[in-house]
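Step one of this worksheet: look at the structure below.
Just so you know, all these numbers are worked out from the coordinates, no wet-lab data involved. Just so it is clear, the structure is predicted and the values come from calculations on it, not from any experiment. So basically every Cβ, Gly included, is an ideal-geometry build from the backbone, and we count neighbours across all protein chains shown.
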2 protein chains.
Amino acid sequence: MYRTHDCGSLRASDINAEVTLAGWVQKSRDKGFMVWVDLRDRYGITQLIFDEERTDKALLEKAQQLGREFVIQVKGTVIERESKNANIPTGDIEILVKSLEVLSESKTPPFTIEDKTDGGEELRMKYRYLDIRRNPVRENLIFRSQVAMEVRNFLAGRDFVEVETPVLIKSTPEGARDFVVPSRMNEGQFYALPQSPQTFKQLLMVGGLDKYFQIVKCFRDEDLRADRQPEFTQIDCEMSFVEQEDVLNIFEEMTRHLLKKVKNVDVTDFPRMTYREAMEKYGNDKPDIRFGMEFGDISAFAKARDFKIFNEAELVVGIAVPGGASYTRKEIDKLIDWVKRPQVGAMGMVYVKCNEDGSFKSSVDKFYSQEDLAQWAEATGATAGDLICVLSGPADKTRGQLSALRMELAERLGLRDPEVFAPLWVIDFPLLEWDEDTERYHAMHHPFTSPKPEDIDKLSTDPGNVRANAYDLVMNGNEIGGGSVRIFDKQLQALMFDHLGFTPEEARAQFGFLMDAFEYGAPPHAGLAFGFDRLVSILGGQETIRDFIAFPKNNSGRDVMIDAPATIDDEQLKELNLKVTV
Amino acid sequence: MYRTHDCGSLRASDINAEVTLAGWVQKSRDKGFMVWVDLRDRYGITQLIFDEERTDKALLEKAQQLGREFVIQVKGTVIERESKNANIPTGDIEILVKSLEVLSESKTPPFTIEDKTDGGEELRMKYRYLDIRRNPVRENLIFRSQVAMEVRNFLAGRDFVEVETPVLIKSTPEGARDFVVPSRMNEGQFYALPQSPQTFKQLLMVGGLDKYFQIVKCFRDEDLRADRQPEFTQIDCEMSFVEQEDVLNIFEEMTRHLLKKVKNVDVTDFPRMTYREAMEKYGNDKPDIRFGMEFGDISAFAKARDFKIFNEAELVVGIAVPGGASYTRKEIDKLIDWVKRPQVGAMGMVYVKCNEDGSFKSSVDKFYSQEDLAQWAEATGATAGDLICVLSGPADKTRGQLSALRMELAERLGLRDPEVFAPLWVIDFPLLEWDEDTERYHAMHHPFTSPKPEDIDKLSTDPGNVRANAYDLVMNGNEIGGGSVRIFDKQLQALMFDHLGFTPEEARAQFGFLMDAFEYGAPPHAGLAFGFDRLVSILGGQETIRDFIAFPKNNSGRDVMIDAPATIDDEQLKELNLKVTV
């Protein structure tokens, strides 16, 4: 046995106990006649003491040789500390060491193993095993594990069965790119890694499993945007004999459970908002509702005067920035520059200061009267002291730009408190979205999403306006989950494939097994999947998923620690009947 | 809401309640004036009744049209059943139906959805979603989910952290074949799918995580023996600052916990046996100890007479078959044929009947006296009424043959009771095993396994006799888990790679990251992995893992339901810079 206690557990009540501890040298202070060592493990830090008077000379000298991150084992007596440290749970005691064994030496780490390290992202990733020794990273991983346990406890307690669906499946050209896996035993053929267990969970419902969940790795061979990973984890769920309302209720309850259990936060309010309302009010299908700054459509007022830019715009829309009336000209110019950045793409910005005396000062004073501007203020909810920021142009694009501005301002104003949690259901998503590249409609969620029954007729006449029984769970401006009521009727599914541009043969080749399954008594079913990496990072009060993944990949999909991907042997390629053409 | 109750929940106390149920038509009986329907869901079966007197005509006729596996929703009143069915929990009541809606029709299923079905393996796999509707399959999946929950509860309660390790890793030529995954973003390079998270869990220990576990999919592109799957699930565990004894104790406790929780069985005895002892006593490194029939080495006695076959054999070894003295000559001949089958490979078998009167009758009476045979009986523990079966030849091979015979006879004698659980630790495995093909030593477990310190000197002089700190957990003749104390010293690891025939460059290229990690303070660590599919099937009292996997693959690694693997688009291949050469 390497230890009788871990480094976080000894207290004043243990004084005089003989103990054995093991761990890493966090740091040591050497006064010549006395050496203190902070011994660290996952559970905490315990101070070790060696001194001339009470420690034999060889041992003291050995202690003086210890370097940072050495792994040692010590035996000694728990004694009362002279200068207690109230900041750590073991701060009342220290260990008077009687024997010391170095289990492993360490070279000087490439960065400091401290809460705030001097290591940059790349270095930390290359030596991720050292990065994980740092409290914040380790705590994130432990937190992730706790969230997963609470998810499982909640769902298992409600009769959900965790079923492992296969990882080696079949490639489907729909949607994002699949990773493929050549099969040695089936020459010239490939498996694909799942982008989600969608069809399998639907088959489990056809199989009568009633309530399914799985915390499962999924894969997407996509060009990686900032915070995406080629492999990611979902909480994947599906239920039979339910309607949208049932699904919303249970996952609302689950989210509440998680917030209570892992954050001790009570969230009662789970507002619902249609997709259309979210776009009109926030220009965004995942609005952050921790703060207001809702959009005010001022088109009608703005177009009533002689200002050409507004008169030619499809939409004129503004937000009220709390306290923004005090911004200097320079600050406002910077804001204008910000919205004109290519990432945002606005042509310009009109502003109105709402002065404390009730008057208005705007950049378009020559076109609009004080009464006009008062109407703008009312539409945007601006009050004295606020700044109204107004953008104009094509409706969708302008809303997107104003949404970006709203989020940026909220960030600057400190309105995005990571310890405040504001969930929101966005419902009634469009079933289809137009794809400019392929010039056809794509499924906004996936081809198995059920249209609203009352909108089915529009599939042929007005496909863009068909609403789906689809819903997203949004938290603090992030989509943390999404799902839909599924089609469970073979005819309707065939109709959907047809509208998505599949020939019957293509639909058959790719999803024949699902359509076959629907011929043998499919129950109504619906489901939802949470992005687990995202969920954990939001609950953890951070927005970077990479900080909650033990061994993440970089933006090129590389694991820089193990140096993967890599070339493989010719022998291996030959066995797989493959030739690399680069 | 599709239902107020599920099909397993209504009782006599619900009589007169108005309820809504939904589910599948298990079967219906139509007496013309009266129709009974068994409505089934995951939770049970509830009987529906329609009759001339109480049901309107149109509804009765509708009920008469229902086919097996139709999905229906009914509203009605709970009434007392006239002829109660004590076999099902809902047997006291039935539903007098007032309205019926067919949610989904069903074609006639290709096999019967009953506990014992008429469907063959292949048909059931093709329509696995129907197979899952059958009670035994569904119960296996639910059982698996429960075992996983209990594993997690146990480990989380002991400070183990579940960490997800990456699925897209790097190919290592050592051991079984990796599945590889071409990377589109890194031209000409491949990821590999993990055969186990071995190196990652060791890095987590270097990272100070102290106690790790994961229930995780692993992958092996192997020629599939009968009961293997290309993707399989492990309970993967690792601990720091532990010795072998600590690991054995905690997983003994976990196994006890599982047996108690999921089987309500108390198992106190976890015997330990060295690899050598297991081979000598049972000819097998995973002996089934639910029954005796231990090997008796009778070489000394057998070679003392003039029987050439025995005199030329390295080993003469026997087992006592309880009650076998009553076997007819024909039965014994069949047994001899059985051991001579190529799968077993014995040249023949000598037998001794231990008569009730204390005399012996053997197939080698002309060489051996009654006193000689009495010695054999003592060595094999045979008593009156038993049959001694004796094999001879090269030691290892002969032990293997006798082990096969022992298992076969135990099976025939009903000694392998699936509801009896006999765990066993097999310890002190050899570190290395000789590989005939490559003519060099391979790691018996893997290259990170620590040799016993007292045997390290033998690495150069007598590598085959170096013992490892490696252990297997055996249950009822199956290996359900295995692990080892790991090397945590860079020098020793380099020495191991050297003995395994790696050049320093090869070792560096493949495991450089791990050897680097060992330079920054690696703690002593050890671990273990359970084969989860196997564990669940053994606990479930069955030996076929496929029955406990939702969507298993066949012996060619194919999923016959979704028809994978399959060819992929040329476009997809081009993007991956690949050409198929078949």
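Each part gets one Cα centre, and for the stretch B:48-91 versus the stretch A:204-267 those centres are 36 Å apart. The mean number of partner chain beta-carbon atoms within 10 angstrom of a residue's beta-carbon across peptide B:155-165 is 5. Within the shell of other residues whose beta carbon sits under 15 angstrom from the beta carbon of A:Arg11, the net charge comes to -3, with Lys and Arg scored +1 and Asp and Glu -1. Computed 3J(HN,Hα) for the stretch A:245-258, one whole-Hz value per residue from the Karplus formula 6.51 cos²θ - 1.76 cosθ + 1.60 where θ = phi - 60°, is 4, 5, 5, 4, 5, 5, 7, 5, 4, 5, 5, 4, 4, 5, glycine and proline marked x. In terms of other Cβ atoms within 10 Å, A:Phe511, B:Phe232 run from fewest to most in the order B:Phe232, A:Phe511. Cβ-to-Cβ counts within 10 Å put B:Thr46, A:Thr4 in ascending order as A:Thr4, B:Thr46, the fewest first.
Distances from A:Met444 to the same residue in each other copy, label points 7 Å out along Cα→Cβ, in nm, shortest first? Counterpart label points of A:Met444 in the remaining copies fall at 6.2 nm. Residue by residue along B:547-554, Cβ atoms of other protein chains within 10 Å of the local Cβ number 4 on average. Across peptide B:520-530, the mean count of Cβ atoms from other chains lying within 10 Å of each residue's own Cβ comes to 5.
In order along the stretch B:69-83, phi translates into HN-Hα couplings of 6, 4, 9, 10, 10, 10, 10, x, 10, 6, 10, 6, 7, 5, 9 Hz, rounded to whole numbers, per the Karplus curve 6.51 cos²θ - 1.76 cosθ + 1.60 with θ = phi - 60° and x for Gly and Pro. Simple point charges give the picture: +1 on the Cβ of Lys and Arg, -1 on the Cβ of Asp and Glu, and for the stretch A:291-415 a dipole about the Cα centre of about 440 debye. Binning all Cα-Cα separations of the stretch B:291-415 at 5 Å, short to long from zero, yields these whole-percent fractions: 2, 12, 24, 26, 23, 11, 2, 0.
Scanning residues 5 or more positions from A:Glu114 or on other chains, none has an amide H under 5 Å from its amide H, with H placed 1.01 Å from N in the peptide plane. Other residues with beta-carbon under 15 Å from the beta-carbon of A:Leu459 carry, at +1 per Lys or Arg and -1 per Asp or Glu, a net charge of -3. Sorted shortest first, the distances from the B:Glu253 label point to those of the same residue in the other copies are 3.4 nm; each point sits 7 Å from Cα along Cα-to-Cβ.
Relative contact order, whole percent, for the stretch B:159-298 stands at 17, derived from Cα pairs under 8 Å and 6 or more residues apart. Less than 5 angstrom separates the built amide H of B:Arg467 from those of B:Leu431, B:Lys452, all sequence-distant by 5 or more or on a different chain.
The relative contact order of the stretch B:12-104 comes to 33 percent, based on Cα pairs under 8 Å that sit 6 or more residues apart. What is the distance in Å between the Cα centres of the stretch A:509-543 and the stretch B:498-539? Cα centres, the stretch A:509-543 to the stretch B:498-539: 35 Å.
Can you give me the C-alpha center-to-center distance between the stretch B:151-182 and the stretch A:402-448, rounded to a whole angstrom? Spelled out, the Cα-based centre of one part sits 34 Å from the other. Taking the charge dipole of the stretch B:386-506 about its Cα centre, with +1 at Lys and Arg Cβ atoms and -1 at Asp and Glu Cβ atoms, the residue from B:Ser450, B:Asn478, B:Thr438 reaching farthest to the positive side is B:Asn478. The P(r) of the stretch A:12-104 has a tail past 22 Å containing 17 percent of all C-alpha pairs. Take the Cα radius of gyration of chain B and divide it by 2.2 N^0.38 Å, N being the number of residues; the result is 1.22. As a proxy for reagent exposure, ranking B:Lys201, B:Lys574 by other Cβ atoms within 10 Å from fewest up yields B:Lys574, B:Lys201. In the assembly of identical copies, B:Glu433 has its label point, taken 7 Å from Cα in the direction of the beta carbon, separated from the corresponding points by 5.4 nm (ascending, one decimal). Within the protein assembly as shown, antiparallel bridges make up roughly 95 percent of the DSSP beta bridges whose residues both belong there. Counting pairs on different chains as well as pairs 8 or more places apart, how many Lys pairs in the stretch B:69-180 have Cα atoms under 26 Å apart? The number of close lysine pairs in the stretch B:69-180 is 9.
Amide H to amide H distances under 5 Å link B:Tyr441 with B:Asp435, where only residues 5 or more positions off or on other chains count and H is placed in the peptide plane.
Relative to the 2.2 N^0.38 Å rule of thumb, the stretch A:511-573 has a C-alpha radius of gyration ratio of 1.90. Please report the net charge: other residues with Cβ closer than 12 Å to the Cβ of A:Leu576, K and R +1, D and E -1. That sum, taken over residues with Cβ under 12 Å, equals -2.
Each of B:Arg158 and A:Phe33 was given a label point 7 Å from its Cα along the Cα-to-Cβ line. The distance between the two points is 4.8 nm. Measuring from the axis that maps chain A onto chain B, the chain A residue with the nearest beta carbon and its rounded distance in angstrom come out as A:Lys579, 2. In order along the stretch A:312-317, the phi-based Karplus estimate (6.51 cos²θ - 1.76 cosθ + 1.60, θ = phi - 60°) of 3J(HN,Hα) comes to 8, 7, 5, 9, 10, 9 Hz; Gly and Pro are listed as x. Counting only DSSP beta bridges whose two residues both lie in the stretch A:12-104, roughly 95 percent are antiparallel.
If only the Cβ of Lys and Arg carry +1 and only the Cβ of Asp and Glu carry -1, the dipole of the stretch A:212-314 around its Cα centre is close to 420 debye.
Relative contact order of the stretch A:298-367: 21 percent, from C-alpha pairs under 8 Å at least 6 residues apart in sequence.
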